[in-house]
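Trainee: Attaching a single structure in structure tokens format; questions to follow.
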Amino acid sequence: MAEAPQPSRGAFSFLMITLVLDSLTFGLTAPVLPTLLVELEGGSIADTAGLLGLFGTAWAVMQFIASPILGSLSDRYGRRPVLLISMAGLGLDYILMALAPSVIWLFVGRVLSGVTTAGYATATAYVSDTTTGDARTKRFGLLGAAFGFGFIIGPAVGGFLAGFDVRAPFWCAAVLCLLNATFGFFILQESLPKERRSSFKWRNANFFGSWNLLRATPVLLTIGLTMFFVRLALDVNPAVIVIYTQTRYAWDAQDVGLMLATYGALSILVQALLIGPVLKYLGERAAMIFGLACGAIAFSFYASAPYGWVFLIGLPIGALFTISNPAMQAIATRAVGDKNQGQLQGALASLASIAAIIAPFMFTQAFTLGNAMTTIPGAIGMPYALSVGFFMIALLLTLRMPRT
């Protein structure tokens, strides 16, 4: 059986850049999307809240549908074409949004971006093809750091470019994606030899087919459910963190941005520097437990902190949570055959999309309810208390996971 080539520095650089761009381009356009909607639709920023929610839900739904399809396609035709087509398609999609003459066309562009942002799942499958053991886990950590880095710098760069023109961030995102697709065309080798590819079957290229893969073994089922509850817990931040910190601590937009940047920087340091030593000392299963426990503790601070400085104490503890994800990915990729790595990553991404669909409504309603319960001290922290509960479920699932 042919062995997959070890990834060159150029190939791994392409994967890192792809993940930076997947998250950066999303954050790049986020600060200007409400303004562009006002320009196209009229009204005020407040009037766009419903449209923004619709755009976000549509994006998550398309991720839910497309992730298992793209994962199965990468198992059939290889990682290289899926990565390159997705990156080029994302670039063309941002051109469409930059030129959008109406809200309808902007919505179409957002829907297409939900399909084309397949970078993380396919890049993870690429690393699974070409690495083993500790090297695989460390590279998962680096991919996570790259993804987080894009979220840190994206909103800042988008806000800066918006000072020139509200559509400038979309043009910048398009150029970066197309340049990276060109770079990948020349540098990226295929990681999945033909001998290790599987046939494409529509019954596997959907959530229900992916669910059958996850429940094939107790370990995979545990990992899948754990990742779902973790994603559900984490999605409290994009849903309510701005209104939560403004209401409870009187933070302004600059304060919130600085806090998020600090957390992102701490997370990158943990994923880039600590994952290797921690995994070597604890092992993957114990590292998962440690990371999830840190997540539960950090979000307990966020839920109960009466003052902003107490909230900030949770940030370095929360950054340690990021140790758990590479460990989970490493365990999951060993639990399936070489021919199903793409389907696995598509299944995990599809579960994450379900969480992304549920979270905004659930957490905003929890915030509204908690904020209204003025007679109960700390009730405003209800959204983060819910997240602590989800972390505890994930932790219990991990503690019961088979050791094999």
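Trainee: Of all alpha-carbon pairs in the range 227-379, indicate the percentage at a distance above 22 angstrom.
Mentor: For the range 227-379, the share of Cα pairs beyond 22 Å comes to 49 percent.
Trainee: Taking the number of other C-beta atoms within 10 Å as the exposure measure, put 69, 313 in order starting with the fewest.
Mentor: 313, 69
Trainee: Ok, one more. Roughly how many Å is it from the Cα centre of the range 208-255 to that of the range 149-169, as a whole number?
Mentor: The distance from the Cα centre of the range 208-255 to that of the range 149-169 comes to 25 Å.
Trainee: Consider a paramagnetic label point 7 Å from the Cα of residue 99 along Cα→Cβ; state which residues of the range 173-194 have an amide N under 18 Å from it.
Mentor: Counting only backbone N, you get 173-179.
Trainee: Quick one: 23, 67, fewest Cβ neighbours within 10 Å first, how do they rank?
Mentor: 23, 67
Trainee: Could you line up 113, 300 from fewest to most neighbouring Cβ atoms inside 10 Å?
Mentor: 300, 113
Trainee: Could you give the distance between the Cα centres of the range 301-352 and the range 264-283, to the whole Å?
Mentor: So the separation of the two Cα centres works out to 13 Å.
Trainee: Same structure again: Can you match Kirkwood radius over Cα pairs in Å to one of these, (1) 21.6; (2) 26.6; (3) 22.2, based on a calculation from the structure here?
Mentor: Structure-derived value, by its label: (1).
Trainee: Going by average Cβ density within 10 Å per residue, which order do the peptides 372-383, 186-197 take, highest to lowest?
Mentor: 186-197, 372-383
Read the figures in this text as sums done on the coordinates, not as results from a lab. Nothing here was measured: the structure is a model prediction, and the numbers come from that model. Please note: Cβ atoms are built from the backbone with ideal geometry, for glycine as well, and neighbour counts cover all protein chains shown.
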